[in-house]
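Below: the structure, in structure tokens.
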Amino acid sequence: MNKWKNRLSGLLSRKIDWVIFALFSIIVLVSLYYFFHMYTLLPSSRLLWILIAVAAVVVILWIISFLLIRFHKLKSVGTWIHRVVMVLLCVVLCFASYTIQNSSSTLSIVTQGDQSVIKISVITMADSGITDIADLSGKNVGVQNGLDQDNATYARDLLDEEVAGISYTELLDYTTMYDQLQEGELDAMIISNTSIALLQDHYENLQSDIRVLTTYERESTSVNTATTDKDLRTEPFVIYLGGMDEGDDPSINGRCDVNILLLVNPKVNKITTISIPRDSYVPNPALGYASDKLTHLGNNGPENSIAGLEEFTGIDIDYYAKINFFSVIEIVDAIGGVDVDVQLDFCEQDEYRNKDADHQICLSSGEQHLNGQQALAYSRHRKTATWGTQGREYAQTQIIEAIINKLTTVEGASNVNSVMNIAQRYVSTNIPMEQLSAFLSYQLDHLAPWTVESITLTDGYDMLLTTASMTGTPLDCHLLTIEDAQLINLAYNSMYETPAMSDFQFNVNDLGFSDVEVDTSEYMVWASDAASLNSYTLYYGMDHSVSYGNSDTVTTPQEEPQIPSTETPQETTPTPTPTPPESETTPPSEPQTPQDPGSETPSEPQEPDVTPPTEEPADPSQGEDTVQS
């Protein structure tokens, strides 16, 4: 009886071994397919040899496993060890195959360069009796005939196809239109969704006060396709990095609060990052090259931001990469948080911009572990007087570096697939997959360290000015200097003019770049023009302008603005110091007290000080500054 039991037990044990072996065989075949697929994705000779070595080891293990089962060479303990090893190999190969497939899928999705979409809504007041677009028959609807006229006309035509008998009132700007909607002079209004976001900065309860009746979508007409035939393996190229913090779809246009140029030079393995202030006063190509805040250019797509920046810099920008900063929350949480040396005490609104005290994110200065919500709050904050936009740009650099460092740890690497899944939803670029693959493959074959140089534009002049996107109210804008453009051109030209050491000359008495030529645009308004500007005038360069509102009221500096000198950029590592920001990567000085969001009020522009005064914290419920949109 025991003999039959032992024989039956042996047969059952062998069947278990063969089932595990069959599963292992299937996984090996799938893994070999993905190994080959990875090579086609990144055709690198170095990667090829690595994949061949890994595949050889897997095949050898498969042969050994087959022989051990076939000829019963294992004892009881050895059999179980063999099974455990087989199962672990299956897990490892499954993880590797999934990671390869996920990497391929991520590259494919983010490099699609999604067609930008503009959304236009028909809205009414929430307390009105209008609940559907059919109720608009016989009603009076406001429609813009200003710089957003194309979007308004598009939505108006679609609305007329659905509802008959609507009368329209044409108005020049959305601020006046919304005021009339509130007062009952209009029954509804047509407005682009990006303009709704701008109005929110001036009407605190707008979202709860309105009802959206319907929303139309149209594809954005690109003003610049930003494509190139460059060989990214060996030729320098420029990428515009735009960071949004609204919505969760990278194809939907919106304001870009982060605007960075990446100058990539693969010849010497160097990247130069240039941070440009969000409030920079630059031409908006989508709105007839009227002057606008740089952050608003993103409302018409990253191609529009590129075109506007080209007007300012005079250089060619080859590609864009658009990222939604909501992804920071999910990425940081996915990798288990990040360690960051927070530079100041502050309070900031949460990710949904809730303004009540219960939703404030408050942090103290010092090294600490941040979750996703805290990391986003730190990377957003700019309201503290001695911190500002430059401080926020430095904080964003800290967060990015912390994420990269965490991904190199075991905990971070184990969650790499979660990070790639998040990237698929929040990142978009128009770099063709073939060119990106060629660049990465070349780097794998020519492994060498990269150097990173960071430049922040700290010159310029701040004042209240009318913008193309918000003609009804002057906003806080930053006038750039010609020296800013020369600095960018110096960094750009250096990628193409790397001198031989025998030709290198250095003059310690001439560290400026006043002789750098810039292809200036007729539509640019510079800091040197500040004394001639009117806060209620929209400028299309200095040779053409349109007056709005109180055109006889001029807001100018009390004296001729002094343009600070600009230092030649140096390759440095960001080092926090207690002094005011002077270098490209040095964070602003630490404030004495925390500053809650939205504590400032509009005022007449003043001459910029080297060391801005520290402000007392204000009630966080006040929300965003009305001149910062």
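The values are calculated or read from the model by the stated rules, or taken from the named source; none is laboratory data. Note that the coordinates shown come from a computational prediction; the quantities given were computed from them, not determined experimentally. Counting neighbours? That spans all protein chains shown, and the Cβs are built from the backbone with ideal geometry, glycine included. Keep in mind that these areas ignore ligands, DNA and RNA; they rest on the heavy atoms of the full protein, side chains included. Shrake-Rupley method; radii C 1.70, N 1.55, O 1.52, S 1.80 Å.
Stick to the Cα atoms of segment 257-343, pair each with every other, and give me the Kirkwood hydrodynamic radius in Å at one decimal.
Taking the inverse mean of 1/r over all distinct Cα pairs, segment 257-343 comes out at 14.9 Å.
Average accessible surface for segment 171-213: 40 Å² per residue, computed with a 1.4 Å probe over protein heavy atoms with every protein chain in place. Spin-label pair Ile400-Leu61: with each label point 7 Å from Cα along the Cα-Cβ axis, the two points sit 3.8 nm from one another.
Net length available on complete extension from Tyr203 to Ser128 is 25.2 nm, with 0.36 nm assigned per residue and the Cα-Cα distance removed. Kirkwood Rh over alpha-carbon pairs of segment 325-467, then Stokes-Einstein at 10 °C and 1.306 mPa s: what D in µm² s⁻¹, rounded to an integer? This corresponds to a translational diffusion coefficient of 91 µm²/s. In this structure the amide hydrogen of Ala321, modeled in the peptide plane, comes within under 5 Å of the amide hydrogens of Tyr240, Leu241, Gly242, none closer than 5 places in sequence on its chain.
Built from the Cα atoms of segment 110-212, the convex hull projects on average onto 7.5 nm², one quarter of its surface area. The fraction of accessible area contributed by carbon and sulfur in segment 306-402 is 45 percent, rounded to a whole number (1.4 Å probe; ligands and nucleic acids excluded).
For Asp157 and Asp179, the FRET efficiency from 1/(1 + (r/R0)^6), where r spans their Cβ atoms and R0 equals 22 Å, is about 0.30. Rounded to a whole number of µm²/s, how large is the Stokes-Einstein D of segment 39-124 at 20 °C and 1.002 mPa s, given Rh as the Kirkwood radius over C-alpha pairs? So the translational diffusion coefficient is about 125 µm²/s.
Legend: residue pairs Lys267/Lys406; Lys270/Lys383; Lys293/Lys322; Lys15/Lys75; Lys230/Lys267; Lys119/Lys322, Cα-Cα distance threshold 22 Å; pairs beyond threshold, Lys267/Lys406; Lys270/Lys383.
Whole Å is fine, so just give me how far the alpha carbon centre of segment 290-333 lies from that of segment 117-162. Centre-to-centre (Cα) distance: 28 Å. The accessible surface of segment 424-467, taken with every protein chain in place and a 1.4 Å probe, is 64 percent carbon and sulfur.
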